[in-house]
């Protein structure tokens, strides 16, 4: 497993990054994410000139996650398509599931995600279907061993993971090596 550490919470490593009940190989982890991505209904910002597709695992109680969502335009401008999924940490599981289900159930999920990450949840109810979607997103994170947020998984055959609010230029530089 490759590990790199630079200042300001910049880490790159291969999946799986944490222990999970079922140990998956890095390649199997990326395949698991890819196989389930569409049905998990991620909130996605597509890069106009996509170089890489990243799946970003977040929770709405994470300040570093808020920073990533706030700067999503910088990522897409750099060629990074960003698909967001929810992780519900055990200590705040029910609150995150409830809050993020409201985001996914809103009439404008992308705008609601931006607002929720700034502390302003949408003024709508959720549904059992939206709650199930968020629970399934978090279950996927558990299966592939994600225990911290934000985690950005590059969707390519050679698995690469970035932890923290890594700048787009740093991601592109690291992926060129």
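Where a number appears in this text, it was derived from the coordinates with a stated rule and is not lab data. Since this is a predicted model, take the numbers as computed values, not measurements. Quick reminder, even Gly has a Cβ in these numbers, built from the backbone with ideal geometry, and neighbours come from all protein chains shown.
Using only Cα atoms, tell me the angle between helix 93-105 and the longest principal axis of the chain; keep it within 0 to 90° and round to the nearest 10.
It works out to around 80 degrees.
Where the centroid of each part is defined by its Cα atoms, how far is the stretch 24-59 from the stretch 132-159 in Å?
Taking the Cα centre of each part, the stretch 24-59 and the stretch 132-159 sit 8 Å apart.
Which of the peptides 105-117, 145-157 is most tightly packed, and how do the rest follow, going by the mean number of other Cβ atoms within 10 Å of each residue?
Values: 105-117: 17.6, 145-157: 19.7.
Taking the mean over residues of other Cβ atoms within 10 Å, the ranking is 145-157, 105-117.
With axes computed from alpha carbons, what is the tilt in degrees of helix 128-143 against the longest principal axis of the chain, rounded to the nearest 10 within 0 to 90?
20
7 Å from Cα along Cα→Cβ at both residue 177 and residue 64: what's the point-to-point distance in nm?
1.8
Run through the DSSP bridge list for the chain and note the antiparallel percent, rounded to the nearest 5.
Given both bridge residues lie in the chain, the antiparallel proportion sits at roughly 70 percent.
Going 7 Å from the Cα of residue 51 in the Cα-to-Cβ direction, what parts of the stretch 134-177 have a backbone nitrogen less than 13 Å from that spot?
167-177
Sticking with the crude label model, points 7 Å out along Cα→Cβ, report the distance from residue 120 to residue 31 in nm, one decimal please.
Distance between label points: 4.5 nm.
Under the rule of -39500 (n - 2.57) per DSSP H run of 4 or more residues, summed and divided by the residues of the chain, what mean residue ellipticity at 222 nm is obtained, to the nearest 500 deg cm²/dmol?
Numbers: 7 runs with 72 residues, N = 177.
Dividing the helical sum by the residues of the chain leaves -12000 deg cm²/dmol.
Rounded to the nearest 10 degrees, what's the angle between the helix 26-36 long axis and the longest principal axis of the chain, both from Cα atoms, 0 to 90?
30
In which sequence would 53, 177 go, from the one with the fewest C-beta neighbours within 10 Å to the one with the most? Mind showing how you got there, number by number?
On the way: 53 19, 177 6.
Ascending number of Cβ neighbours within 10 Å: 177, 53.
For 82, 100, what ranking results if the residue with the fewest other Cβ atoms within 10 Å of its Cβ goes first?
On the way: 82 24, 100 31.
Fewest-to-most ranking of 82, 100: 82, 100.
Calculated FRET efficiency, residue 24 and residue 93, Cβ-Cβ r, R0 22 Å, to nearest 0.05?
0.50
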